[in-house]
Amino acid sequence: MANIKEIARMAGVSVTTVSRVLNRHPYVSEDKRAAVLEAVRKLDYVQNLNAVHLIKGKTSMIAVVLPYVDNPYLSSPVEGILSEANRSGYRVVLCQTNYRSEEELKVLEMLRMKQVDGVVITSRTNAWDVIKPFLAYGPIVVCEDAGDEPLSCAYIDHYRSFETGLRYLTAQGHRHIACCIGRRGSNTSLARERAVREALAAVQEPLRPEWMFYDALSMEAGVEVAHRLAGMNPRPTAVLAGTHQTAAGLVAEARKLGLRVPDDLAVIGFDNHMLGELLDITAVEQSNKDVGRAAFQMLHRYIAEDWYEAEKQELPVRLVERSTV
């Protein structure tokens, strides 16, 4: 098997120059880079990545923890992570956990075993006290507000985002408001529940449990919610649909069922995705893709600088008015 000395001899350059080209260092002239790559091709050289990792002390790989790869809402931060990782020459190992704590721990063990340089957790199931000890082995960034915990985070304030939609609905005169929420008991769902409870209390309305729809983050869930609402008496006059997929399914099916949107049922979606724009759905714009971008940028900086200090980056939200309210 060819080695870098043979490549250097064939290309007429130093071993150091070959190493720089193979490791993608920018400060190599184009003619020398071309000569090295041509020698690599002729000699059919294959770089020993394990040796490179041992020498550099880095793998150029990160792990991303996500509960389900086939859920557009839960996997949307991954889009941002992948785009930034590709730009930075990093590979991404996607690790689906199905919200099983032992699967999440397996990913953190990858960090401890130096199989990856860092970890992004898009949605967790383990307690902070389980995750924090792994900071001793490398950087971890989470896609939720970590509060006072010593973990860096890029996140959306889900209380604020729901409050934004609720204020708009109550300002339009709505008092009977249903909500589509995610996993019962999760931090995101608890924040959204609190926003609903407080917004309704401000207009002297009770929170009605039968109008709270959990695990309703998909288009199929939106269709199901439309059918449930159509059979209710009394029926809510407005719905905060927790994702753009839920809102799209809800609006399309409600119209099939003869409900006029927004006259019989106003709908607000979240994320302001192209799908919501095509259906002209009023939305609270909050970009989970940007959360993923910010999370990777933090992680990459920590890896490059070999330094970690907990920091927080909250992404903004805003209301986009369209025709469904």
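For the reader, a short list of remarks on this structure follows.
- Any hit, region 261-273, residues being assigned to a helix (DSSP H, G or I), more than 30 Å from L151 (Cα to Cα) and outside the structural domain of S123 (by TED's automatic domain parsing): no
A quick yes/no check of all residues on (1) within 20 Å of the chain's Cα centre (by Cα); (2) of a type outside the set (F, W, Y); (3) at pLDDT below 95:
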| position | (1), (2), (3) |
| --- | --- |
| P133 | no, yes, no |
| C153 | yes, yes, no |
| Q172 | no, yes, no |
| R184 | yes, yes, yes |
| T188 | yes, yes, yes |
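- Every condition in (1) under 29 Å from the mean Cα position of the chain (by Cα); (2) not in a helix (DSSP H, G or I) is met by R197 except one, and the failing one is (2).
- Residues of region 4-43 satisfying the condition of being free of Cβ contacts under 8 Å to residues at least 40 places away in the same chain and assigned to a loop (DSSP other than H, G, I, E, B): G12, V13, S14, N23, H25, P26, Y27, V28, S29
- Test: residue in region 218-225 that is of a type in the set (S, T, N, Q), at negative phi and surrounded by 15 or more Cβ atoms within 10 Å (Cβ to Cβ): yes
Yes/no matrix, rows are residues, columns are (1) in contact (Cβ under 8 Å) with a residue 60 or more places away in the chain; (2) among the polar types (S, T, N, Q); (3) farther than 16 Å from L166 by Cβ; (4) out of contact with any strand residue (DSSP E or B) (no Cβ under 7 Å at 6 or more places or on another chain):
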{"residue": "A216", "(1), (2), (3), (4)": "no, no, yes, no"}
{"residue": "P236", "(1), (2), (3), (4)": "yes, no, no, no"}
{"residue": "A241", "(1), (2), (3), (4)": "yes, no, no, no"}
{"residue": "A252", "(1), (2), (3), (4)": "no, no, yes, yes"}
{"residue": "L257", "(1), (2), (3), (4)": "no, no, yes, yes"}
{"residue": "P262", "(1), (2), (3), (4)": "yes, no, no, yes"}
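- Members of region 150-179 found to be under 29 Å from G292 (Cβ atoms) and basic (K, R), listed by number: R160, R167
- Of everything in region 286-325 that is of a type in the set (F, W, Y) and more than 16 Å from S123 (Cα to Cα), the residue that is surrounded by the fewest Cβ atoms within 10 Å (Cβ to Cβ) is W307.
- The test for being crowded, with 18+ Cβ neighbours inside 10 Å, in contact (Cβ under 8 Å) with a residue 24 or more places away in the chain and of a type in the set (V, I, T) holds for V120.
The values are calculated or read from the model by the stated rules, or taken from the named source; none is laboratory data. Everything numeric here is computed off the predicted structure, so don't read it as measured data. All Cβ positions, even for glycine, are placed from backbone atoms using ideal geometry, and neighbour counts span all protein chains on display.
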